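Would you mind keeping the following structure in view while I ask a few things?
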Amino acid sequence: MKNGFSGSRAVALFLRLMTQVGQWSGRFMTRILPAVIFLLTGCGTLSQTSAPVGDRVYLTHATFHENVDDIVQHYMQQKQVPGISIAVIHRGGPTRYYPFGVTDRVHRYPITPDTLFALGSLSKGVTAEVIIQLVEQGRLHWSDTLADLLPADVHLSADARRITLLQLVTHTSGLPRQDMDLPMLLQFVRYLDTGENFYGNLDSDKLLSYLADFSVPAVRMPHYSNLGYALLGFIVRTRFHQDIQTLASQLIFTPLKMNQSSFEPETLPGYPLRALGHAGDQPKFIRRGTLTPDWHFHGNMVAAASLYSNARDLSAYLRAHLNTTGDTARDRAFAAVNRPWYQQGAQAQNIAWVTDTIEGQQITYQVGYIGGYASFIGYDKRHGNAIVVLQNGFNWSNYLGIALLVDLATQDKVVAQ
């Protein structure tokens, strides 16, 4: 770390200064705080979804199978990732699976298409598609505001009162990534040294207090917001008296036979054999490749970040986005996430998903990061291609999925076992 700080020293310094002087230290403000704020506020833009130029040499083989094997083996060695699970749909054909490595370096269970991974923010896509179906049923409306959706005793600023349901699901509400206050900063500095969950406030109903003095930014544009999706979790729970798992099971998981997907992962039979999370680019002060703690949510953040699944289930989920399922409401929900609500250059912000034009190919995708995991799901509807990439290492360089989707579209190669 710059300036000679270790994670333990950063935490100890911060706590000692806060205890002794009761205010921000100039040294902390100039050396540690800027990095903390950058990481907290910029995480939505830190993901590297384009393959480094030097890595493109690994996508020059005669078959797609060789390309997958070569680029993934290189990535795992370079990033020290213990395991990766990939599912590929090519031109609407049968799903092919490419498992690599192990769940962790202690148990060393081999990764399979059925190995469970924590998905982090991929949870938001399922939550959003549940909400789309509730809108289709007339139980919610896109024009509903927080003043309509939250209990009357919640204190809302004038700007918070006007935030709409549509703005929440499209990350265009103006709400920040998370509550930026002293408790959050303390938890985040601790996370850098321990890997422990720092979203406790958003998981509880304390998140509502942020809305009392919220001011909308002068320029409204997409700004990734865990706070916004935690609010959606609160709204679903308080208005419908059902948790997101129950609704997702009814509307998505059960119809698509996604039997190994749950916002309550401990209930899944494969949970004991799950891939365990490992440090990568994050947390900053834990040695790369070291096991990190599981993150557990029980309140509002369940809808935003608690989902576990595997490559097999997620390939069925993506296939339903490529082709109609025969259920009108579900098909309309999956089609709705293709609609751009805010265009910025080649990238469009949709409901939960993003659509990007990369090397001439239009790809709709989501990325997720949590604890010691990184995940990607994406599809190219025009060519009938889709890819799942799950890894048990937290790396912002999450480019394998897009690189392989572009490779599938630009070269008509046979996907082989």
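Determine whether Ala147 is farther than 20 Å from Ala304 by Cα and open to solvent by less than 50 Å² (accessible area, probe 1.4 Å).
The answer is yes for Ala147.
Out of Leu291, Leu251, Leu231, Leu256, report the one residue that is over 17 Å from Asp104 (Cβ atoms), surrounded by fewer than 21 Cβ atoms within 10 Å (Cβ to Cβ) and touching a residue at least 12 places away in the same chain (Cβ under 8 Å).
Of Leu291, Leu251, Leu231, Leu256, the one residue that is over 17 Å from Asp104 (Cβ atoms), surrounded by fewer than 21 Cβ atoms within 10 Å (Cβ to Cβ) and touching a residue at least 12 places away in the same chain (Cβ under 8 Å) is Leu256.
Here's another thing I want to ask about it. Looking at the stretch 217-235, which of its residues are among the aliphatic types (A, V, I, L, M) and modelled with pLDDT of 95 or more?
Passing the criteria: Leu227, Ala230, Leu231, Leu232, Ile235.
Can you tell me which of Val154, Val135 is of a type in the set (A, V, I, L, M, F, W, C), over 24 Å from Asn385 (Cβ atoms) and touching a His at 6+ places or on another chain (Cβ under 7 Å)?
Val135
Also, quick follow-up: Quick one: what pairs do we get from the stretch 121-132, first residue closer than 12 Å to Thr170 by Cα and open to solvent by less than 10 Å² (accessible area, probe 1.4 Å), second at pLDDT below 95 and part of a helix (DSSP H, G or I), C-beta under 9 Å, 6+ apart or different chains?
Ile132/Ala329
In the stretch 263-316, how many residues are closer than 17 Å to Ser249 by Cβ and among the polar types (S, T, N, Q)?
Here the count works out to 4.
Here is a further query. Tell me which of these Ala416 doesn't satisfy, since it passes every other one: (1) closer than 15 Å to Val88 by Cα; (2) modelled with pLDDT of 95 or more; (3) open to solvent by 30 Å² or more (accessible area, probe 1.4 Å).
(2)
Within the stretch 158-190, can you find the residues that are modelled with pLDDT of 95 or more and either in a helix (DSSP H, G or I) or open to solvent by 50 Å² or more (accessible area, probe 1.4 Å) (or both)?
Ala158, Asp159, Ala160, Arg161, Arg162, Leu165, Leu166, Gln167, Leu168, Val169
Further question on the same structure: With respect to Phe117, is the statement that it is buried (at least 21 other Cβ atoms within 10 Å of the Cβ) and without any contact (Cβ under 8 Å) to a residue 24 or more places away in the chain true?
Against the criterion (buried (at least 21 other Cβ atoms within 10 Å of the Cβ) and without any contact (Cβ under 8 Å) to a residue 24 or more places away in the chain), Phe117 does not qualify.
Checking Phe394 against (1) part of a loop (DSSP other than H, G, I, E, B); (2) in contact with a Leu (Cβ under 9 Å, 6 or more places away or on another chain); (3) surrounded by 18 or more Cβ atoms within 10 Å (Cβ to Cβ): exactly one of these is not met. Which one?
The one condition Phe394 does not meet is (2).
Residues of the stretch 69-94 being at negative phi, open to solvent by less than 80 Å² (accessible area, probe 1.4 Å) and more than 23 Å from the chain's Cα centre (by Cα), which ones?
Asp69, Asp70, His74, His90, Gly93
Just the residues that are farther than 23 Å from Thr267 by Cβ, open to solvent by 10 Å² or more (accessible area, probe 1.4 Å) and under 18 Å from the mean Cα position of the chain (by Cα), please, taken from the stretch 304-339.
Of everything in the stretch 304-339, just one residue is farther than 23 Å from Thr267 by Cβ, open to solvent by 10 Å² or more (accessible area, probe 1.4 Å) and under 18 Å from the mean Cα position of the chain (by Cα), namely Asn338.
Examine the stretch 351-371 for a residue that is closer than 30 Å to Tyr199 by Cα, open to solvent by 20 Å² or more (accessible area, probe 1.4 Å) and free of Cβ contacts under 8 Å to residues at least 60 places away in the same chain, and state whether such a residue exists.
yes
Shifting gears a bit: Yes or no: His141 open to solvent by 40 Å² or more (accessible area, probe 1.4 Å), part of a loop (DSSP other than H, G, I, E, B), in contact with a helix residue (DSSP H, G or I) (Cβ under 8 Å, 6 or more places away or on another chain) and without any contact (Cβ under 8 Å) to a residue 40 or more places away in the chain?
Yes: the conditions hold for His141.
Does Arg220 meet the test of being surrounded by fewer than 22 Cβ atoms within 10 Å (Cβ to Cβ) and either among the acidic types (Asp, Glu) or in a helix (DSSP H, G or I) (or both)?
No, not satisfied.
Let me ask you something else. Using beta carbons and a limit of 9 Å, which pairs, at least six apart or on different chains, have the first residue in the stretch 180-200 and within 18 Å of His296 (Cβ to Cβ) and the second one of a type in the set (Gly, Ala, Ser) and modelled with pLDDT of 95 or more?
Pairs found: Gly195/Gly277; Gly195/Ala279; Gly195/Gly372; Tyr199/Ala230; Tyr199/Ala304; Tyr199/Ala305.
Additional query: I'm trying to understand the selection: among the residues of the stretch 98-114, which are open to solvent by less than 50 Å² (accessible area, probe 1.4 Å) and assigned to a strand (DSSP E or B)?
Residues satisfying the conditions are Tyr98, Phe100, Gly101, Val102.
Counting only residues that are over 27 Å from Val354 (Cα atoms), assigned to a loop (DSSP other than H, G, I, E, B) and open to solvent by less than 50 Å² (accessible area, probe 1.4 Å), how many does the stretch 195-217 have?
2
The values are calculated or read from the model by the stated rules, or taken from the named source; none is laboratory data. As the structure is a computational prediction, the values presented were derived from the model and not from experiment. We place every Cβ from the backbone using ideal geometry, glycine too, and count neighbours over all the protein chains shown. Remember, those area values only see protein heavy atoms, side chains included, never the ligands or the DNA or RNA. Shrake-Rupley method; radii C 1.70, N 1.55, O 1.52, S 1.80 Å.
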